[in-house]
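The values are calculated or read from the model by the stated rules, or taken from the named source; none is laboratory data. Predicted, not measured: the structure shown is a model, and the values here were computed from it. Heads up, the Cβs are rebuilt from the backbone with ideal geometry, glycines too, and the neighbour counts pull from every protein chain shown.
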Amino acid sequence: MKTTYYSMSDKEFFYYHPNHLASTMYVTDEQRSVTQSFLYAPFGEITNEYNNSFGSSILPKYSFNAKELDEETGMYYYEARYMAPPVFISRDPLFEKYPTFSPYAYCANNPVKYVDPDGREGITVSGSPGDHKNKRHFLENGLDRSKQATAHFQRKGEKSTWIIYNDKKKGYTADLLKEYTKKAEKAGINVKVVSDVKEIIDYVNNKNGNDTRARDKITSFYYVGHAKPGDLKVGYNGTEQDFDPSNFKAEAFSSGTYVDVVGGCRTAVDWGLGFIDPSIIKQFSKILDSKSEIHGSSVRVQYNGGIMTNKQLLKENNGEEVIIKGRLK
């Protein structure tokens, strides 16, 4: 995977070529010529650099872990704090959880295997098609919403993850999953295919276990799939699996999270006057702060093929997009 940078002064494109840790190994120009290359010590010190005078004049030096290097100080900018290889210059905000490690240590002293995360993530969930004749509805629009998530990123380097629920009875074909996974990866989107709602809930709440969600909070959440008042029916007309926001932990979400569940039917409608199940957007409001914004649908939405905006989904049944704020202080 390569990252493109455009130099305004020289009006040229340059390409960063990373290794498995996202560290830039070399930079090429439009003629495929190598303009820079780097060798690193395990904790990020640049031990050897080819053509170092080239980059300092026209390119920002995104090198170790794709972090920007301040050449005056020799430190990397890691969003929450700076690192002066081989250690951070300030304490890990979660250092109390790791009494056996120095609060200034980088990646538990294992930089060959781990990368310190940027700390934010956008999530999109696509449900299974059920009895839909067009099996692409939720995939096409799920991919689109995953791309839209970038508009709500709160930090440079944030990631978008697309969770596709593939029902065991009424799911997607292997060819369709392969096709859309390839499209997503090309767009830089992480794809996670699951067949159990417990996996969705666990990923939202815990990500990959330990404190990975605490370090990588959710900044946006989109849903595209079947729904009924109070529940997101990812397995509709199949195994009938569902979940709702009451399954999520408030601490998994960042301040100012953007939620869009217009892609499901009646997500702004209560079930049983709210005594049985409050609407999906009301459930989200209970776990999000007042800076967060939640969008829901007042009617059954209609997927008529291709990528559809919220307005188009609501149009056929004269619905409206209901917007509320989170309730937490």
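Please verify whether the stretch 102-110 includes one or more residues that are at pLDDT below 70, loosely packed, with under 13 Cβ neighbours inside 10 Å and not hydrophobic (A, V, I, L, M, F, W, C).
No: zero hits.
Please go through the stretch 63-79 and pick out each residue that is outside any strand (DSSP E or B) and under 16 Å from Leu21 (Cβ atoms).
Answer for the stretch 63-79, where residues must be outside any strand (DSSP E or B) and under 16 Å from Leu21 (Cβ atoms): Ser63, Phe64, Asn65, Ala66, Lys67, Tyr78.
Look through Gly235, Gly256 and report the one residue that is within 26 Å of Asn310 (Cβ to Cβ), part of a loop (DSSP other than H, G, I, E, B) and either under 16 Å from the mean Cα position of the chain (by Cα) or modelled with pLDDT of 95 or more (or both).
Result of the check over Gly235, Gly256: Gly235.
Taking only pairs six or more apart or across chains, which ones have beta-carbon atoms under 9 Å, a first residue in the stretch 277-300 that is within 15 Å of Glu321 (Cβ to Cβ) and assigned by TED's automatic domain parsing to the domain that holds Pro245, and a second residue that is among the charged types (D, E, K, R) and assigned to a helix (DSSP H, G or I)?
Ile294/Lys282; Gly296/Lys282
Test Leu288 against the stated conditions and say whether it is buried (at least 16 other Cβ atoms within 10 Å of the Cβ), of a type in the set (A, V, I, L, M, F, W, C) and under 16 Å from Leu328 (Cα atoms).
Criteria met by Leu288.
Taking Trp271 as the residue in question, decide whether it is surrounded by 21 or more Cβ atoms within 10 Å (Cβ to Cβ) and of a type in the set (Phe, Trp, Tyr).
So Trp271 fails the test.
For the structure I just gave you, tell me whether Gln312 is more than 23 Å from the chain's Cα centre (by Cα), closer than 20 Å to Pro129 by Cβ and part of a loop (DSSP other than H, G, I, E, B).
no
Restricting attention to the stretch 259-282, report how many residues are more than 21 Å from His137 (Cβ to Cβ), in a helix (DSSP H, G or I) and not basic (Lys, Arg).
Here the count works out to 1.
Of all the helices (runs of 4 or more DSSP H) wholly in the stretch 117-231, which have at least 1 residues that are under 30 Å from Arg81 (Cβ atoms) and either of a type in the set (Gly, Ala, Ser) or at pLDDT 90 or above (or both)?
137-148, 197-206, 212-215
Inspect the stretch 295-309 for any residue being more than 24 Å from the chain's Cα centre (by Cα), in a strand (DSSP E or B) and surrounded by 15 or more Cβ atoms within 10 Å (Cβ to Cβ) and give the result as yes or no. So that I can check it myself, show each step before the final result.
Narrowing the stretch 295-309 to residues more than 24 Å from the chain's Cα centre (by Cα): 298-305.
Next, from what is left, pick out any that are in a strand (DSSP E or B): none.
Within the stretch 295-309, not a single residue is more than 24 Å from the chain's Cα centre (by Cα), in a strand (DSSP E or B) and surrounded by 15 or more Cβ atoms within 10 Å (Cβ to Cβ).
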